[in-house]
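So the structure is just underneath, and the comments pick up after that.
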Amino acid sequence: MVPVIRARTHDVVIVGGGLFGLVLAEQIATRCAASVVVIEREHHLGGLCWSKRDAHTGVEYNPYGTHVVATSDPRVWGWITSRVRMVVYEHTVHAAVAGQLVPLPLGLEAIEAAYGRKLSPDQARATVEADAAPYRDGPVDSVRDLALAQVGTRLYETFVRGYVSAQWGTDPAQLSPEVFADRFGISFTPSRGYHPGARWQGLPCGSYSALIDPLADHSRIEVHLGRDYLRPPRPRYQRLMVVTTPIDAHFGHQLGPLQRRSLHVDWRLVDAEQAQRAPVVTYPDGTSPHYRSHAPALLPWNHGQEKTGSVLVGFESAGPGPHQIDFVLRSPPNTELAAKYGQLATARSDVLLAGRGTTFYDDMSTTIGHALALADRLVPDLT
Ligand SMILES: Cc1cc2nc3c(=O)[nH]c(=O)nc-3n(C[C@H](O)[C@H](O)[C@H](O)COP(=O)(O)OP(=O)(O)OC[C@H]3O[C@@H](n4cnc5c(N)ncnc54)[C@H](O)[C@@H]3O)c2cc1C
């Protein structure tokens, strides 16, 4: 069904009602007199960080997978906390390895699990260094090359190879080294949580809606839900269109499609006795049908709220399915093609490409930081 579109033409059209689009819309509407319309294909705002309440258990959860804010950027944390009360929470992610839950990112516990013995931090460092040394002098062209040079064979085989292959559907030797650099890391001390370097961590009090919905609640912002901007009629605007959605689709795939990888999260009720004991668990041995699972009842949002004997668990697997997320594959040919689309984008000064559509992966802190910075650039010209 074609959605009803009001005749009014706004100053700015923002395509995508995810975090990037909404932060930008709020900043433009509150910092200058320009009017904004946000066009969102889904029937909810928030994009990937959207959360909702499960009708059966009463648990608040992120249908696209657990989202926790972690940042060391004072501007980003200041912006968030001036809009919503945050529940301080130190996130943990565990790997299920040989029947035990090992905290990630790779640290002393992971090294002990991989080598099967107790180690001091110095012993752990020496053991990993010896394992990685033969790979240090070779070229670093892939996840495999970088991982072997940094963590050695044993940790690579135990924690990296199966997980990366399952998530990206391709051998780590085919993926750009940034995939490892962005997602993994190693320390030789006991775990200090999943984001040991972050100055602030937390969840919006109650739900992501508490953060997201008020952003669009402004007299100069109009929201069109359930509208795909690629379908006619194309949105009209007076000054500027900001597109936060896939860059190749925006150009009608004229240079060819970027190669994508889909994952999805299937939410099921699990008997409380069988349910995992940690909020997020990964399965790096590569034999599990899913490579990660989420138990939102264990997040501080939901403490004391579970109403039934069943627990809501989200099983994250590769391929298309419910709550599907498409990622651009971070491989050398794709990086080249994305750069060519980027060049096409510079040709029109009234169209800006931004947000997740133009990047391989940004976390929410980076997303908010980039949206605030883009607003700094745009607002003087829109005033
Ligand atoms: C499984 C998973 C877990 C994550 N966990 C974390 C975490 O714990 N912490 C963290 O900081 N970050 C996390 N992230 C990253 C976080 O989701 C992103 O930083 C953030 O959502 C990016 O926001 P965005 O607005 O750029 O993109 P999106 O959220 O993807 O928003 C883009 C919007 O555009 C809409 N859209 C697409 N095509 C069209 C179209 N043709 N017409 C109209 N609208 C369209 C989409 O429906 C979507 O709402 C995670 C990501 C994933 C996939």
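Every read-out reported here was derived from the displayed coordinates using simple, explicitly stated rules and does not represent laboratory data. Since we're looking at a predicted model, the values are computed, not measured. Using ideal geometry, Cβ is built from the backbone for each residue, glycine included, and neighbour counts are taken over all protein chains shown.
So between Arg236 and Arg260, what do we pick up on full extension, going 0.36 nm a residue minus the alpha carbon distance? The partial results should precede the final answer.
On the way: separation 24, 0.36 × 24 = 8.64 nm, distance 2.94 nm.
Stretched fully, the Arg236-Arg260 segment lengthens by 5.7 nm.
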- How compact and how long is the chain, expressed as Rg and Dmax of its alpha-carbon atoms in Å? 22.0, 69
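Using the 10 angstrom Cβ neighbour count as an exposure proxy, how do Leu269, Leu155 rank, fewest first? Please report the intermediate quantities before stating the final value.
On the way: Leu269 15, Leu155 25.
Fewest-to-most Cβ neighbours within 10 Å comes out as Leu269, Leu155.
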- Residues whose built amide H sits under 5 Å from the amide H of Leu353, excluding neighbours closer than 5 in sequence, are Val243
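Could you sort 341-350, 106-115 so that the peptide with the highest average Cβ count within 10 Å comes first and the rest follow in order?
Numbers: 341-350: 11.7, 106-115: 22.1.
Packing proxy ranking, top to bottom: 106-115, 341-350.
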- Message: Suppose R0 equals 25 Å. What FRET efficiency, 1/(1 + (r/R0)^6) with r the Cβ-Cβ distance, do Thr9 and Thr383 give to the nearest 0.05?
- Response: 0.85
- Query: How much length is gained if the chain between Ala272 and Ala133 is pulled fully straight, taking 0.36 nm per residue apart and subtracting their Cα-Cα distance, in nm to one decimal?
  - Reply: 45.5 nm
- Message: Could you give the length gained by full extension between Asp326 and Arg53, i.e. 0.36 nm per residue of separation minus their alpha carbon distance, to one decimal place?
- Response: 95.9 nm
- Query: Gap in Å between the Cα centre of the range 233-305 and the Cα centre of the range 195-219?
  - Reply: 18
- Task: If a/c stays under 1.5 just call it rounded; otherwise compare a/b with b/c (prolate if a/b is bigger, oblate if not). Do that for the range 260-325, with a ≥ b ≥ c from the square roots of the Cα gyration tensor eigenvalues.
- Result: prolate
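Given N residues in the range 93-183, what is Rg(Cα) / (2.2 N^0.38 Å)?
Against the compact-globule rule of thumb, the ratio is 1.05.
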- Quick one: what are the phi-derived ³J(HN,Hα) couplings along the range 198-203, Karplus 6.51/-1.76/1.60 with θ = phi - 60°, whole Hz, x for glycine and proline? 7, 6, 10, 9, x, 10
- Task: Sort out for me the Cα centre separation of the range 79-142 from the range 313-383, rounded to whole Å.
- Result: 28
- Note on the structure: Site Arg348, offset 7 angstrom along Cα→Cβ, radius 14 Å on amide nitrogen, limited to the range 11-29, gives 13-15
- Message: Amide H of Trp267 versus every other amide H placed in the peptide plane: which residues, excluding those fewer than 5 positions away on the same chain, fall under 5 Å?
- Response: Phe315
- Message: Only four residue types carry charge here, +1 at the Cβ of Lys and Arg and -1 at the Cβ of Asp and Glu. Report the dipole size of the chain about the Cα centre in Debye, rounded to the nearest 20.
- Response: 840
